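Just below is one structure, and these are the notes that go with it.
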Amino acid sequence: MNISYAWLKSVAPGLNEGPEELAERLALLGAPVEGISSRSEGLEDVIIGQVKSVHGHPNADRLSLCEVDNGEEVVQVVCGAPVIEEGGFYPFASVGVTLPGGFKLKRAKIRGEYSNGMLCSEKELGLGRDQSGIMLLSGELAAGQSLTEVLGLDDVLMDVEVTPNRGDWLSHVGVAREVAPGGAGGVTLEPIPGASPIEFEVETGESEVSHGDVTIRIDEPEHCYRFLGVIIRGVKVGPSPQWLAARLRAVGQQPINNVVDATNYVMLEMGNPMHAYDLGKLEDSSLIVRKAAQGETMQTLDGLEHEFDDEMLLICDTSVPHDIAGIMGGMHSSVTGDTTDLLLECALFDPKSIRRTRSALGISTDASYRFERGVDPEGHLPAVKRAVEVILATAGGEVDGPILEVLPRPWEPFSLVLRPARVEQVLGVRFEPDQLAALLTPLGFTVQNGEGAGVADDWDADDGVTEGDDLNVIVPGFRSYDVTREIDLIEEISRSYGYDRFPEDLGAARPTTVPDHPLFQLEDDLRVALSGEGLFEAVNPAFASEHEGEVELNNPISLEESKLRTSLIPGLLRNLEYNFARGARDVRLFELGTVFHSGQVGEPPREDLHVSFVVTGRSEPEHWSGAGRALDYSTVRGLVETVLAISGWEDAAIGGPAGAATKGSGDGAMFLPEFSIDLRSKDGSTTGAAGQVRPDRVDAPAWAGEVWAMELMLPADPSVRATTIYRPLSLFPGVDRDLALLVPYDVPTSDVSDQMCKVGGKLLERVTVFDLYRGDGVAEGHRSLAFRLRLQASDRTLTDKEVDRVVEKVVKRLREDMGVEQRL
């Protein structure tokens, strides 16, 4: 937001801080100033010249010889402007002056006559659009005066960064509320030169209102909440007076004409966008707020033709559209030099509707920028009165009838409960109720005692805060978009008090009693586990190429990334290739992220959370004692089992050779068939896959080792993590029993261990595998596994009979359920 320092001081009387000091203060208030610049830059040496005489050029029909008084002497200037007034005052650049754009003037001979400078147009000075003639100045002027002083350009422009929630800062009055010595109550509007007091009446209707032959109607009350119109007849459209043009130039705006400039002036001053229509060009002298017909078109003020869909809001007459509501007016009814009668409009639109239309059409204007962020619902009537005052003072004319107001949805002020104890709890500093009122009142809030106040929207009965000194705070219209909860008021208190004034020491804090969602707990557990295994977390964007995704983006950042990924592995493989290119041999990466798949017809895309890893190189860090063992199938399988054990899937298991789950992006499989496995949930459905990545899937150098990867879909609603319960160690001795078992190759060792734990009951403390044997004495298709069973009770010493009973039960169940025999 461009803020004129001089303009700001005029609406905030008593503001004595310089631009730099003011910028520091605004930064502390949450509105940092991105830049400070002088408006007179490039025009410092341009002065006022008075044309003493004008004669035709002896050698050119379209050139004139002018005698120009520059305040020190009279010099000859060759000028090509079609109209030059003797005695008129014009911007004059002498020989040696450099104009904006880098053009340096020299004494030149033009068709045999010397020119000792130049009389300038608005465009040559960067002050306007008019290049048809030189810039004629009016008022009490003298030759030799500084142009920047005459035009009010001896000013400082401040570029204030406005956050999306603070639409009230998009005006000089809005910023003045924050910095004026008296706060919002100390803001005043500067007097308009030549203005006279005006008495206004307002005629209001719910959906339609008329005066004479002029009618205003709202057909879309859900998108247009308020519409004000004023009829002004007998105006004379022309250049704006110097004071008005100077205000606009001070913030980088180019003057157009006195009517349009008046609407822009009020918008920049008060924050309410408005538009002036040529009343004579409106069919049936009417304005109707309606949705567009599909395919309807209109030429806007920028000369472009736009086509609309049936969700876009337009302002039309009974025949054709004249305005894209809240965004830009149309060319057909624009104000021109021939306009004599106006219909001035100021409305309140739904921010979401404006944002959608603006985005679809690719248009962004000063008006849409404000409507999207929220315009003061209480500011329309004062803004319309101000605009009428400026138009009558600069363009003449008279108001015909009352202010016409269509008001389908009146705005109702609302209040919030503010609890001083809650303020202290959040900010760590105690404020008395009168201190809170003193901090909020300058910002425009009305603070009352809490008698009869309702409960704040975010009030929590369990936060331990008493309500004895509750305050009732009425929120002003210009803050109704971003202050909707008690916590928002507390933020305003901290801003007003000053962030730099809070103590640096940390106060007491109460940990939350609300547990994290099980999915967040699962993510944390996976991060801890994989980091503990030596893996580093990678974070890749979800955008993917056409071959790596299914869901197409409506507005992709590039054609190469036009879809959303269906797998995490391709991104991790690119990370791996990046490391290979820099000589890294041992790489361990994992990622937790979302993948996307096309939904059924008529349904949105499906979004799933996945965990994936890619590893290569040695299984342990490099050490002088040895070269280190390379990662192999067994090591990677152990890592997969670690992930699977905490994945959130009940009874998740490793299945046989991977099938469809190994399909990567594209048509081929991701893993080598001989080193690939499926990961399955309790019901047998495939939830992921792991294995050795095929060589054609990764661009690896010759020295690189095997690349292994895994990807697993996590449950959307995992079971809640069991609460850890403390149990003291038993005071009684335990008993160890070793079992040698003949286990078929198709029975996983982990299944045998799990079955032992289930059958052994509470007395079986632990099961470990301590030996594996294959060879003589072992039946074909089997292997010999030695298990050690640790049995122990917490209240007694176990007898041999009790231990034998448990062991016999375990052996019997293994034989019956899994075909596992005891090796004798």
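The values are calculated or read from the model by the stated rules, or taken from the named source; none is laboratory data. The shown structure was predicted, so the numbers you read here are calculated from the model rather than taken from an experiment. Don't worry about glycine lacking a Cβ; one is built from the backbone with ideal geometry, like all the others, and counts go over all protein chains shown. Surface areas here come from the heavy atoms of the whole protein model, side chains and all, with no ligands, DNA or RNA. Shrake-Rupley method; radii C 1.70, N 1.55, O 1.52, S 1.80 Å.
Conditions tested, residue by residue: (1) open to solvent by 20 Å² or more (accessible area, probe 1.4 Å); (2) at pLDDT below 90.
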residue	(1), (2)
ARG25	yes, no
LEU29	yes, no
ARG62	yes, yes
VAL97	no, no
PRO100	yes, yes
GLY117	no, no
GLU122	yes, yes
LEU127	no, yes
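It is to be established whether one or more residues within region 288-303 are touching a Gly at 6+ places or on another chain (Cβ under 9 Å), in a loop (DSSP other than H, G, I, E, B) and not acidic (Asp, Glu).
Yes, region 288-303 contains a residue that is touching a Gly at 6+ places or on another chain (Cβ under 9 Å), in a loop (DSSP other than H, G, I, E, B) and not acidic (Asp, Glu).
If you check SER750 against the conditions, is it under 30 Å from PHE671 (Cα atoms), open to solvent by 20 Å² or more (accessible area, probe 1.4 Å) and among the hydroxyl-bearing types (Ser, Thr, Tyr)?
When the stated conditions are applied, SER750 passes them.
Search region 309-337 for residues that are without any contact (Cβ under 8 Å) to a residue 24 or more places away in the chain and pair each with any residue that is of a type in the set (D, E, K, R) and in a strand (DSSP E or B) when their beta-carbon atoms are under 8 Å apart and the residues are at least 6 apart or on different chains.
Close Cβ pairs satisfying both conditions: ASP310/LYS291.
Can you tell which of GLY144, GLY101, GLY80 is touching a Lys or Arg at 6+ places or on another chain (Cβ under 7 Å) and over 24 Å from ALA367 (Cβ atoms)?
Answer to the check: GLY80.
Inside region 96-113, can you point out the residues that are assigned to a loop (DSSP other than H, G, I, E, B) and under 51 Å from the mean Cα position of the chain (by Cα)?
Scanning region 96-113 gives GLY96, VAL97, PRO100, GLY101, GLY102, LEU105, LYS106.
Assuming PHE787 fulfils every condition listed in (1) over 60 Å from the mean Cα position of the chain (by Cα); (2) within 12 Å of LEU741 (Cα to Cα) apart from one, which condition is it?
Only one criterion is unmet by PHE787, namely (1).
Quick one: how many residues across region 445-483 are at pLDDT 50 or above, over 33 Å from the mean Cα position of the chain (by Cα) and open to solvent by 50 Å² or more (accessible area, probe 1.4 Å)?
6
Restrict the check to region 255-270 and report whether at least one residue is under 27 Å from the mean Cα position of the chain (by Cα) and assigned to a loop (DSSP other than H, G, I, E, B).
Looking for residues that are under 27 Å from the mean Cα position of the chain (by Cα) and assigned to a loop (DSSP other than H, G, I, E, B), one finds none in region 255-270, hence no.
Starting from residues that are within 12 Å of SER53 (Cα to Cα) and assigned to a loop (DSSP other than H, G, I, E, B), keep the ones in region 73-95 and report whichever is most open to solvent (accessible area, probe 1.4 Å).
Once the filter is applied, the top-ranked residue is GLU86.
Restricting region 327-375 to residues that are of a type in the set (S, T, N, Q) and in a helix (DSSP H, G or I), which is most open to solvent (accessible area, probe 1.4 Å)?
This residue is SER359.
Find all pairs meeting these conditions: Cβ atoms under 9 angstrom apart; at least six residues apart or on different chains; first residue within region 517-539 and at positive phi and touching a residue at least 24 places away in the same chain (Cβ under 8 Å); second residue loosely packed, with under 15 Cβ neighbours inside 10 Å and among the charged types (D, E, K, R).
Listed by first residue and then by second, the contacts come to GLY534/GLU620.
Just need a number here: residues in region 805-824 that are in contact with a Leu (Cβ under 7 Å, 6 or more places away or on another chain) and in a loop (DSSP other than H, G, I, E, B).
Residues flagged as in contact with a Leu (Cβ under 7 Å, 6 or more places away or on another chain) and in a loop (DSSP other than H, G, I, E, B) within region 805-824 amount to 2.
Does at least one position in region 383-392 carry a residue that is assigned to a loop (DSSP other than H, G, I, E, B) and open to solvent by 10 Å² or more (accessible area, probe 1.4 Å)?
No; the residues of region 383-392 include none that is assigned to a loop (DSSP other than H, G, I, E, B) and open to solvent by 10 Å² or more (accessible area, probe 1.4 Å).
Among GLY152, GLY194, GLY144, which is the only one that is assigned to a loop (DSSP other than H, G, I, E, B), in contact with a strand residue (DSSP E or B) (Cβ under 7 Å, 6 or more places away or on another chain), surrounded by fewer than 22 Cβ atoms within 10 Å (Cβ to Cβ) and touching a residue at least 12 places away in the same chain (Cβ under 8 Å)?
GLY144
Of all residues in region 235-251 being open to solvent by less than 50 Å² (accessible area, probe 1.4 Å) and assigned to a loop (DSSP other than H, G, I, E, B), which is nearest to VAL214 (Cα to Cα)?
VAL235
List the residue pairs whose Cβ atoms are under 7 Å apart, where the first residue sits in region 347-363 and is under 16 Å from GLU305 (Cα atoms), the second is hydroxyl-bearing (Ser, Thr, Tyr) and not in a helix (DSSP H, G or I), and the two are 6 or more positions apart or on different chains.
Final answer for the pair search is ARG358/SER364.
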